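Peer 1: Quick one: the structure is below, questions incoming.
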Amino acid sequence: MKINKVIGYQVLDSRGRPTVAAAISLTDGSTHTARVPSGASTGMHEAKELRDKGSENEEKFYAGLSVQQVVKNINEKIAPRLIEEQIDLNVVDAHLLELDPSVDHSSLGANATLAVSLAAAIADAHSQNKSLARFFNPDGPLLIPMPMVNILSGGAHANRNMDIQDLLIIPVGAKTFTEALSWIVAVREMAAKLGKEAGHSTNLIADEGGISIPFKSVDEACEFVISVIEKVGLIVGDQVGLALDVASTQFFESEKYNLTNINKSYTSEEFVKYINNLVSNQPIISIEDPFAEDDWSAWQQFMTIAPKKLQVLGDDLLTTNLVRLNKAIDQKSANAILIKANQNGLVTSTLNVLKQARANNFNTVVSARSGENEDSWLSDLATGWSAGQIKVGSTHGSERNAKWNRLLEFEAVEKTKFLNPFN
Ligand code: PGA
Ligand code: ZN
């Protein structure tokens, strides 16, 4: 089956900002579309999404965030190269790499390359009569990932109401994804109720659907979520573990970690101790970006003293980048990686990063971004790639629930197994 047409166009994301969609039409008359997500707490080493600010394509209605140049790149540079080609994800990604050999995809824009790469994956799966998940995992049960879900949010996603970005839960004791999601919804709703009863404003819903309560310290926030889990009737530790996304690059300045809500600054060495105390005193089973994106020695130091079973997860540190992952493997800087396709720019090279991580005993967490859309390819990738874990945000907003609902669909209609990397 051949590619007939490739069209890029601008659509809106969950924050009401423009993002890129790519549609690939095949000779059988079918059309396959993918829309790309976008971050707010982005790492410096991510592949570069292009926006129109300052360019001849700038549109004043979108505050310079429009993506018309990227759309043009798809329609004028990428499309002519792909039309008449057989639909094959590997071939499409090879063309994209040739058209834009820059490491960060800054010439076409990573939002151009990823949109086309994803649409090609979906179209290729269709040409083989498969779902995207089955395209990557044709045989045996589909392996549903363990969710990691935002309950409280602060940082760049919620007006910096807390210094750390997210307090999440992981339903490690659930036997199925369906059961896991029911626990999560109960905790999320009870957190909103108890937060309000305790006199906090819970009106601000964060970008990823979490609740924003301005807890001054992380301990206070953890203790609140623990009380919520208990109120729901679940057991902290055995059934539900806590996780943090510290997103510390956001408050690392002049070589100091500045926790503005408690008015304290820490050197790297002091912050390693602070984080180690935190994970030793709270039932935290996963911690993301405890240290800044280039503070490699803090990561390394922490790994030598961190509790053995703790998941130490690199997001801004690793940016789904093979070179940075290999450095982290060599230096033992972390033991898990967040996999975000738009940090990388292509589906095939994102999968290569995941495979390299797995080959080196890193846990892998396929993740959405704070700016999302109604697509659910993320759930197919996390499942088809047997990633083990998925992070989507909370259970509010259809851009989040589209991903959870896709996993519910797998569990309802396919032969599946629910993975638990924390066992
Ligand atoms: P982002 O945040 O999508 O705004 O970068 C998500 C995260 O930090 O995990
Ligand atoms: Zn993060």
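Peer 1: Within segment 153-180, which residues are in a loop (DSSP other than H, G, I, E, B) and away from ligand 1 (no atom under 15 Å from the Cβ)? Step through it out loud before you land on a result.
Peer 2: Step one: of segment 153-180, the residues in a loop (DSSP other than H, G, I, E, B) are 154, 158-165, 171-176.
Once the filter is applied, which keeps residues that are in a loop (DSSP other than H, G, I, E, B) and away from ligand 1 (no atom under 15 Å from the Cβ), segment 153-180 yields 161, 171, 172, 173, 174, 175, 176.
Peer 1: Quick check on segment 93-123: of everything there that is more than 17 Å from residue 50 (Cα to Cα) and over 24 Å from the mean Cα position of the chain (by Cα), which residue is surrounded by the most Cβ atoms within 10 Å (Cβ to Cβ)? Walk me through how you get there before you give the answer.
Peer 2: Of segment 93-123, the ones more than 17 Å from residue 50 (Cα to Cα) are 93-95, 98, 118-123.
In the following step, the residues that additionally are over 24 Å from the mean Cα position of the chain (by Cα) were identified as 94-95, 98.
Details: 94: 13, 95: 18, 98: 9.
Ranking the candidates gives 95 first.
Peer 1: Another question, then. Report the residue count in segment 372-396 for those that are closer than 21 Å to residue 192 by Cβ, open to solvent by less than 30 Å² (accessible area, probe 1.4 Å) and either more than 16 Å from ligand 1 (Cβ to nearest atom) or not in a strand (DSSP E or B) (or both).
Peer 2: From segment 372-396, those closer than 21 Å to residue 192 by Cβ are 372, 391-396; that's our starting set.
Narrowing the set further to residues that are open to solvent by less than 30 Å² (accessible area, probe 1.4 Å) leaves 372, 391-395.
Within this subset, residues satisfying the condition of being either more than 16 Å from ligand 1 (Cβ to nearest atom) or not in a strand (DSSP E or B) (or both) are 372, 394-395.
Result for segment 372-396: 3.
Peer 1: Pairs please, first residue from segment 361-386 and of a type in the set (D, E, K, R), second anywhere and at pLDDT below 95, Cβ atoms under 6 Å, 6+ apart in sequence or on different chains.
Peer 2: Nothing qualifies.
Peer 1: Would you be able to tell me the number of residues in segment 139-156 that are farther than 30 Å from residue 202 by Cα and in contact with a helix residue (DSSP H, G or I) (Cβ under 9 Å, 6 or more places away or on another chain)? Don't jump to the end; show me each part of the working.
Peer 2: Of segment 139-156, the ones farther than 30 Å from residue 202 by Cα are 139-144.
Filter once more, so that each one left must be in contact with a helix residue (DSSP H, G or I) (Cβ under 9 Å, 6 or more places away or on another chain): 142-144.
Selection size over segment 139-156: 3.
Peer 1: So, in segment 319-377, how many residues would count as being under 22 Å from residue 19 (Cβ atoms) and either assigned by TED's automatic domain parsing to the domain that holds residue 46 or of a type in the set (D, E, K, R) (or both)?
Peer 2: Residues that pass the stated criteria total 5.
Peer 1: Pick out the one residue from 81, 51 that is within 16 Å of ligand 1 (Cβ to nearest atom), at pLDDT 95 or above and open to solvent by 40 Å² or more (accessible area, probe 1.4 Å).
Peer 2: Values: 81 fails: within 16 Å of ligand 1 (Cβ to nearest atom).
Selected residue: 51, the only one of 81, 51 that is within 16 Å of ligand 1 (Cβ to nearest atom), at pLDDT 95 or above and open to solvent by 40 Å² or more (accessible area, probe 1.4 Å).
Peer 1: Under the condition of being touching a residue at least 24 places away in the same chain (Cβ under 8 Å) and among the basic types (Lys, Arg), which residue from segment 123-169 is nearest to ligand 2 (Cβ to nearest atom)?
Peer 2: The extreme case among them is 160.
Peer 1: Which residue is nearest to ligand 1 (Cβ to nearest atom), if the candidates are limited to segment 315-333 and must be more than 13 Å from residue 104 (Cβ to Cβ) and of a type in the set (S, T, N, Q)?
Peer 2: Among those that are more than 13 Å from residue 104 (Cβ to Cβ) and of a type in the set (S, T, N, Q), it is 333.
Peer 1: Among residues belonging to segment 31-85 that are acidic (Asp, Glu) and touching a residue at least 60 places away in the same chain (Cβ under 8 Å), point out the one that is nearest to residue 247 (Cα to Cα).
Peer 2: Here is the first cut: in segment 31-85, the residues acidic (Asp, Glu) are 46, 49, 52, 56, 58-59, 76, 84-85.
Subsequent filtering for residues that are touching a residue at least 60 places away in the same chain (Cβ under 8 Å) retains 46, 49, 84-85.
Details: 46: 15, 49: 20, 84: 44, 85: 42 Å.
Looking at the filtered set, the residue picked out is 46.
Peer 1: Going by the conditions given, is residue 337 part of a strand (DSSP E or B) and open to solvent by less than 40 Å² (accessible area, probe 1.4 Å)? Don't jump to the end; show me each part of the working.
Peer 2: Numbers: part of a strand (DSSP E or B): yes; open to solvent by less than 40 Å² (accessible area, probe 1.4 Å): yes.
When the stated conditions are applied, residue 337 passes them.
Peer 1: Considering each of 406, 369, 400 in turn, give the residue that is within 16 Å of ligand 2 (Cβ to nearest atom) and farther than 26 Å from residue 333 by Cα.
Peer 2: Details: 406 fails: within 16 Å of ligand 2 (Cβ to nearest atom); 369 fails: farther than 26 Å from residue 333 by Cα.
None of the others qualify; the one that does is 400.
Peer 1: Which residue out of 71, 91 is β-branched (Val, Ile, Thr) and closer than 16 Å to residue 18 by Cα?
Peer 2: On the way: 91 fails: closer than 16 Å to residue 18 by Cα.
Unique residue meeting the criteria: 71.
Peer 1: If you don't mind, another one. Name the helices (runs of 4 or more DSSP H) wholly inside segment 65-141 in which the number of residues that are acidic (Asp, Glu) is 2 or more.
Peer 2: On the way: elements: 68-72, 79-82, 89-99, 110-127, 132-136.
It comes to 89-99.
Peer 1: Among the strands (runs of 3 or more DSSP E) lying completely within segment 245-311, list those that include at least 2 residues that are touching a helix residue (DSSP H, G or I) at 6+ places or on another chain (Cβ under 6 Å) and over 24 Å from residue 148 (Cα atoms). Please lay out each step first, then the result.
Peer 2: Numbers: elements: 256-259, 264-266, 284-288.
The qualifying strands (runs of 3 or more DSSP E) are 256-259.
Peer 1: Further, regarding this structure: Tally time: how many residues in segment 247-261 are more than 13 Å from ligand 2 (Cβ to nearest atom), in contact with a strand residue (DSSP E or B) (Cβ under 8 Å, 6 or more places away or on another chain) and on the phi > 0 side of the Ramachandran plot?
Peer 2: The total comes to 0.
The values are calculated or read from the model by the stated rules, or taken from the named source; none is laboratory data. Keep in mind the model is a prediction, meaning the values are calculated, not measured. With ideal geometry, Cβ positions are generated from the backbone for all residues, glycine too; neighbour counts draw on all protein chains shown. Keep in mind that these areas ignore ligands, DNA and RNA; they rest on the heavy atoms of the full protein, side chains included. Shrake-Rupley method; radii C 1.70, N 1.55, O 1.52, S 1.80 Å.
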